Amino acid sequence: MEKRETIRLDKWLWYARFFKTRSLATKLVSGGNVRVNSNKVSKPSVAVGAGDVLTFVQAKVVKTVRIEACGTRRGPAPEAQLLYEDLSPPPEPKTKPGEFVPPVPKYEGKGRPTKKDRRKSLLSRFDLLE
């Protein structure tokens, strides 16, 4: 029987560009927030390989991915996307079809008053006192 190629879980998450640093990936796994083949994992050194299914939360979105390859380096994004197949359902649209979406209010230029505006307001206060 041929031994399958494996890699540390935290290293694979970093290679696949799910996390910016390996230490962030390690923190997520150590917190018990990752499942490998529906089993909770709390050690970043768990060996994963092709065919394993990972479930974890990233930026408040639950991700489910199947590992396609282990990878040898943290390469560019197109190379990293070849390491997995995304099984997550597509995100729900923010609005339903036919639903009214109010327009975004426009900036009217009313921000911090200028020095001239502040002087005017000070002068108008003195007029009220007399």
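Some values worked out for this structure:
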| read-out | value |
| --- | --- |
| Convex hull per residue volume in Å³, alpha carbons only, for the chain | 248 |
| Dipole in debye (nearest 20) - the chain, about Cα centre, beta carbon charges: Lys, Arg +1; Asp, Glu -1 | 780 |
| Theoretical ellipticity at 222 nm over the chain - DSSP helices of four or more residues, -39500 (n - 2.57) apiece, nearest 500 | -7500 deg cm²/dmol |
| Ranked by how many other beta carbons lie within 10 Å on average, peptides 69-79, 114-124 from highest | 69-79, 114-124 |
| Lys/Arg +1, Asp/Glu -1 at C-beta; the stretch 6-86 dipole; positive extreme among VAL53, ALA25, VAL65 | ALA25 |
| Linear extension gain, LEU123 paired with SER38, 0.36 nm per residue minus alpha-carbon span | 23.5 nm |
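We did not get these values from a lab; they are worked out from the coordinates using the rules stated. Note that the coordinates shown come from a computational prediction; the quantities given were computed from them, not determined experimentally. Virtual Cβ from ideal backbone geometry, glycine too; neighbours counted across all protein chains shown.
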